[in-house]
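The values are calculated or read from the model by the stated rules, or taken from the named source; none is laboratory data. Just so it is clear, the model here is predicted, and its values are computed rather than measured. The area values use the complete protein model at the heavy-atom level, side chains included, leaving out ligands, DNA and RNA. Shrake-Rupley method; radii C 1.70, N 1.55, O 1.52, S 1.80 Å.
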Amino acid sequence: MEFKNTEWEEFQGLFKREELPAKTILLDEGKISNSIFYIEQGCVRAWFNNDGKDITFQFFTETQMVSSIESFKTNRPSQFTIETIEPSIVHSMTKIDFQHVLEQSPVIKEQMEDLIFERLISYQKLFLSRIKDNPETRYIELLKNNPEILLRIPQHYIASYLGITSVSLSRIRNRR
């Protein structure tokens with residue numbers, strides 16, 4: 001979904017543009033999500049705390065939208081944190097304004113439904129990969145499907161995403 005397509009142009013005034021440094025928290029785990037974010041520039045990760053260990057499970061880059069959808073929709077605390085990895089330009093929209101956009105534009109509502117299905121499919125693939133694939137296979141898939149991620153994201157976040165240590169990731173990289 002392109003932020004600057006004609007359907008969105010009418011609603012661009014509802015977005016708040018922010019230039020943010022790396023390591024800026026957009027949403028804290030345990031807080032209720034009241035905003036959705038569009039990434040103009042930069043990289044963002046979604047992660048949760050598991051007994052003091054930070055587990056990254058998703059990366060977002062330019063032209064993607066991110067929010068804790070469950071929290072955003074149900075007003076329950078988010079199960080994860082959303083944080084910038086590198087200096088980023090993001091556009092945020094409040095839940096009230098987002099609901100207004102969906103009510104006013106059937107085209108955008110359909111785009112959002114498509115986006116949610118894409119995200120659901122992505123999470124399903126990640127879930128199944130964690131069950132059936134070993135870390136090296138997950139790394140190869142990441143390399144094949146998102147090679148740019150490996151160039152932008154620090155190794156410890158990639159290792160966390162793959163469910164391994166940075167040392168194990170170094171070994172996998174050295175074998176390739």
Grab the chain and count how many Lys pairs have their alpha-carbon atoms under 18 Å apart, sequence gap of 8 or more, or different chains.
-> 12
Can you give the helix-only mean residue ellipticity at 222 nm for the chain, where every DSSP H stretch with n ≥ 4 adds -39500 (n - 2.57) and the sum goes over all residues, rounded to the nearest 500 deg cm²/dmol?
-> -14000 deg cm²/dmol
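Considering only protein heavy atoms and a 1.4 Å probe, what is the carbon-and-sulfur percentage of the accessible area of the range 1-75?
Answer for the range 1-75: carbon and sulfur cover 45 percent of the accessible area.
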Extension length gain for ILE89 and LYS16 (0.36 nm per residue less Cα distance), in nm, is 25.2 nm
For the range 1-132, the Cα gyration tensor yields equivalent-ellipsoid semi-axes (√(5λ), largest first, whole Å) of 24, 17, 15
Roll a 1.4 Å probe over the protein chains and send me the accessible area per residue for the chain in Å².
-> 58 Å²
